[in-house]
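What follows is a short report on a single structure.
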Amino acid sequence: MISRQLFSAAFALLLLGSHSAFALDWEIERNFRYFLYPSDVAAQRVARDIYLATHGGAAPTPEQSELQINGADFWTTKLAAAGDLRKRWPVGWPRDENATVYDLVKQLREAEGRSAPVGPEELSRRGWASLLARGPSQTERTGATDTCWNPVRRLHDHCRQWGEYVRPAGWIVRVFDPDASAGQTCQWTLDGAVFAEATASFTSQTRAALGQRAKPTESADCREIRIVVPSAPPDAADPRNTPVRGTAQVERSGAGATVEVAVDPSDRLIVGFGDSFTSGEGNPERPARFNGKTWSVVASLPGTPRALQSAGAADLPARDPDSIASNDTRAQWTDRWCHRSVYSWQIRAGLDLALADPHRSVTILHYGCSGAAILEGLLYAWNGVEYDPAVDRGVIGSRAEVGLAYQELCANFEPTNNAKLDPPTDAQESAPGFYAAALKNARAYVARCSRSKPNVFRRTADALLLDIGINDVEFSNWVSGLILDDGVLAVSHGFVPCVANGAPCDSATREKFDRLKKRFDLLSDVLTSYLLPEFGIAPDHVVAAIYPRELSGCGGDAGDRLSGNVGLTVATQPPPLLFPRINPQACQNAGLGYALGGHGGVIAALRDADGVRKVENARLLLNTALGSFAASLASGGAQPLLLTSFDSAEFRGRGFCATADAASRPPGGQACFTKDELVDSREIPCAPGIPPSNPESTHIPRPATDLSDCPHTGDTSGFHPFPPDRYEPYRHRERLFRTMNDVYMTINQRPPYDIDAAWGLLDLANRAAGGAFHPTAEGHAIVAGYAASALCTKLGCGP
């Protein structure tokens with residue numbers, strides 16, 4: 001990454017330096033095409049420019065960008081902090097020295113017809129991606145974000161006003177003179193482009209540019225114009241023969257001289273496959289919203305279902321029951337089925353590539369899906385983690401990731417027989433000849449455009465990003481095996497693999513890794529035989545990310561000390577009359593009986609250092625298998641790139657149990673904390689001007705009391721989790737992985753009325769476990785930095 005950073009710094013210094021008089025430059029207005037609205041690209045661009053100006057011209061890595069834009073004060077930062085780089089901004093942007101980033105975003109959104117964002121303090125709490133989250137809508141029952149992904153149809157057709165997503169018809173380009181003075185009018189002449197008109201459709205303007213017979217001219221501000229540059233029409237026989245590129249010439253007369261500039265925008269297409277470590281699981285665009293009540297209060301309301309009234313876990317913080325029409329309190333995702341989020345390392349890598357080069361646009365097809373495996377997910381159907389057949393209708397996108405990529409890239413796609421996409425059973429996979437037949441089936445039903453016509457593709461792709469395999473070895477069961485026991489462990493199918501000296505040391509573990517190798521071999525055959533050559537992706541443009549060290553610091557690599565148990569606990573219930581005292585064993589999952597006897601809650605703990613080491617050894621073996629798979633894609637010496645460097649550097653000691661408390665003591669000396677410590681925010685008065693949050697939180701919320709200087713109190717003797725409406729899911733923390741606390745307060749997947757009183761513990765576990773043990777947004781950004789560096793090397797990242 002050093003060479004890329006040096007290049008970026010040198011390029012930035014050129015931008016910061018003086019410009020020659022009468023020099024024209026240009027940039028694509030919305031060059032990260034995954035974002036529907038230009039303002040969302042602009043917010044990222046402004047953050048980058050401010051970083052450049054305040055760091056001596058050094059370009060930020062995705063990690064640095066993430067820490068900046070989700071920092072406590074970003075939205076109130078004054079635009080003047082960008083210094084001379086403001087000269088290169090659109091003339092309509094605020095020039096008031098007191099204008100803030102929030103002021104700019106609000107102005108741009110209003111011009112786009114969008115609602116104003118929440119205030120800067122609340123926006124800071126929710127995270128930057130909440131700007132993309134839409135409000136409730138009857139027509140978008142699965143939710144939606146302001147991206148090009150349509151979660152109802154499950155295709156990238158949500159940006160229809162910009163034409164086709166996969167192959168752009170053209171670009172809106174801003175041509176500007178950073179040194180021109182205001183108040184001057186010049187004559188602009190175009191060749192190969194037309195002037196952008198707000199009232200005309202974008203696709204009609206691209207057609208007009210392609211069919212123009214005379215050079216358009218217009219008198220306008222000498223400082224800038226906005227034009228539409230069309231991409232070259234694709235070859236009818238094989239569009240892959242035509243690069244996605246446009247050319248135009250712009251001439252400006254006036255202001256003392258006639259100057260010209262050549263405009264040649266192009267586009268890079270990135271395809272991404274993967275599982276929950278790719279989708280962005282654990283990091284929704286908008287966190288779940290709580291109502292300040294507890295479930296016990298909700299239980300007392302008229303019409304509350306009987307199951308909720310008697311639920312043992314009814315004292316925890318509550319969300320309102322969801323109403324899609326008016327009050328959708330669920331966490332918001334770009335794709336709810338897959339828990340797909342723009343915080344994903346694949347999205348962040350593509351965004352970084354776009355920000356580094358305003359002369360090129362980036363189109364990303366991001367298909368990562370939580371729970372996906374090589375068979376059930378990539379090559380066969382998978383409905384993800386929140387599929388609801390009663391609600392999710394109208395889907396036409398393939399339920400297999402590889403099939404979806406073919407569907408969107410094919411020029412003559414014919415739908416397959418969905419019954420043929422049903423994943424195989426264990427017995428079918430174990431039958432002789434299964435994998436040879438699976439390769440043929442992949443060609444017949446997934447990796448093809450048509451069964452009766454030649455495969456014709458809309459364009460070539462430039463790179464493939466992926467990680468896969470962790471669900472094929474049942475990683476979620478490894479975690480359950482570490483943190484649960486007795487009845488709860490049995491219900492969750494917990495399993496601790498046995499790996500020693502780099503190899504499985506029991507039959508159950510051996511069977512899982514033998515199956516993984518066979519599946520990797522199958523996927524390698526599908527990619528090398530079909531997808532890579534047909535999409536035009538060179539093997540050395542394949543970038544695979546290993547699975548990072550989420551147990552680092554949990555005992556497996558830091559002696560025998562186990563830490564972070566508080567972070568694995570959501571809450572326990574006050575004991576009922578039958579159990580007048582909380583048995584300490586209840587906080588250690590002594591059994592399902594304790595939980596159902598009045599100690600309901602997600603009460604998990606790490607207790608076995610040897611088990612931690614075994615799981616860490618299995619993770620290393622998984623990554624070895626992933627590396628062997630990546631190497632199998634090589635052709636003619638062109639090696640795919642396996643991202644491994646971050647594993648031993650940024651992630652060391654920052655696993656999900658990292659904590660500022662070296663002894664990892666239970667809160668307040670208790671065996672476990674209870675729902676009473678999930679205090680209501682209205683009970684914590686804060687002095688004027690002090691935000692209701694605590695950016696210094698490094699693992700779990702720091703102490704908060706009723707002191708007037710809340711929350712920055714010196715009281716460190718007790719523990720109180722943040723009230724959910726104060727929790728900041730995207731702040732920097734020592735750990736880089738989600739805990740159950742995070743998931744309860746950020747995702748809280750199930751609505752209150754779904755609680756089953758007979759299984760209160762397990763229902764609560766579902767609310768708090770889906771997303772735990774996955775990278776935070778900061779963790780994704782670290783991986784994105786290495787992926788972006790690889791893409792920069794392969795595809796270029798500057799003029």
Next item on the list: Considering the options Trp382, Ser452, Ala431, tell which one lies farthest towards the positive end of the dipole of segment 364-467, charges being +1 on Lys and Arg and -1 on Asp and Glu at the Cβ, about the Cα centre.
Entry: Ser452
Check: When the Cα centres of segment 250-267 and segment 322-376 are compared, how far apart do they sit, in Å?
Finding: 37
Margin query: Let me cross-check Glu121: its accessible surface, 1.4 Å probe, with only protein heavy atoms counted, in Å² to the nearest 10?
Written below: 110
Margin query: Cut-off under 30 Å on the C-alpha distance; same-chain residues fewer than 8 positions from Lys293 excluded. Which lysines are left, in chain and number order?
Written below: Lys675
Check: So what does Val362 come to for accessible area, using a 1.4 Å probe and Å² rounded to 10?
Finding: 0
Check: Using a 1.4 angstrom probe with every protein chain in place, what is the largest-first accessible-area order of Ser529, Ser300?
Finding: Ser300, Ser529
Note to self: If you take every residue apart from Thr189 with its C-beta less than 12 Å away from the C-beta of Thr189, what net charge results, scoring Lys and Arg +1 and Asp and Glu -1?
What the structure shows: -2
Next item on the list: Quote the accessible area belonging to Lys517 in square angstrom, nearest 10, computed with a 1.4 Å probe and with ligands, DNA and RNA left uncounted.
Entry: 120
Checklist line | Sequence of Tyr165, Tyr530 from largest to smallest accessible area, 1.4 Å probe | finding: Tyr530, Tyr165
Margin query: What FRET efficiency comes out for His55 versus Ser507 if R0 is 51 angstrom and r is the Cβ-Cβ distance? Round to the nearest 0.05.
Written below: 0.40
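Dividing the Cα radius of gyration by the Kirkwood radius, what Rg/Rh value follows for segment 313-427?
1.05
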Check: Just how far, in whole angstrom, is segment 100-116 from segment 153-210 if you go by their alpha carbon centroids?
Finding: 21
Check: Going highest first, how would you order 175-187, 415-427 by mean Cβ packing within 10 Å?
Finding: 175-187, 415-427
Next item on the list: Could you pull out the pairs from Lys106/Lys794; Lys420/Lys794; Lys420/Lys453; Lys453/Lys794; Lys420/Lys518 whose alpha carbons sit more than 28 Å apart here?
Entry: Lys106/Lys794; Lys420/Lys794; Lys453/Lys794
Next item on the list: Give me the distance in nm between label points sitting 7 Å out from Cα along the Cα-to-Cβ direction at Ala111 and Lys215, one decimal.
Entry: 2.8
Margin query: Just the number please: accessible area per residue for segment 414-482, 1.4 Å probe, all protein chains included, in Å².
Written below: 45
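For Thr644 and Trp93, compute 0.36 nm times the residue count separating them, minus their Cα-Cα distance, and round to one decimal in nm. Numbers along the way, then the final one.
Details: separation 551, 0.36 × 551 = 198.36 nm, distance 4.13 nm.
Going from the current span to full extension adds 194.2 nm.
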Notebook entry, point to check: How would Thr199, Thr77, Thr363 rank on accessible area, largest to smallest, probe 1.4 Å?
Noted result: Thr199, Thr77, Thr363
Checklist line | Environment charge at Ile747 (Cβ cut-off 12 Å; Lys +1, Arg +1, Asp -1, Glu -1) | finding: +4
Next item on the list: Please give the residues of segment 341-373, grouped as numeric ranges, whose backbone N is less than 15 Å from a label point set 7 Å along the Cα-to-Cβ vector of Arg160.
Entry: none
Check: Tell me, in nm to one decimal, what length is gained between Thr258 and Gln428 on full extension, where the rule is 0.36 nm per residue of separation less the Cα-Cα distance?
Finding: 53.9 nm
Notebook entry, point to check: Taking a probe of 1.4 Å, how large is the accessible area per residue of segment 56-145, in Å²?
Noted result: 40
Checklist line | In Hz, Karplus ³J(HN,Hα) per residue of segment 449-458 (6.51, -1.76, 1.60; θ = phi - 60°; x = Gly, Pro) | finding: 8, 8, 8, 10, 10, x, 6, 10, 10, 5
Notebook entry, point to check: At what distance in nm do the modelled label points of Gln187 and Asn766 sit from each other, each positioned 7 Å from its Cα along Cα→Cβ?
Noted result: 7.2
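The values are calculated or read from the model by the stated rules, or taken from the named source; none is laboratory data. Just so it is clear, the structure is predicted and the values come from calculations on it, not from any experiment. Neighbour counts run over all protein chains shown; Cβ positions are idealised from the backbone, glycine included. What goes into the accessible areas is simple: the full protein's heavy atoms, side chains included, and nothing from ligands, DNA or RNA. Shrake-Rupley method; radii C 1.70, N 1.55, O 1.52, S 1.80 Å.
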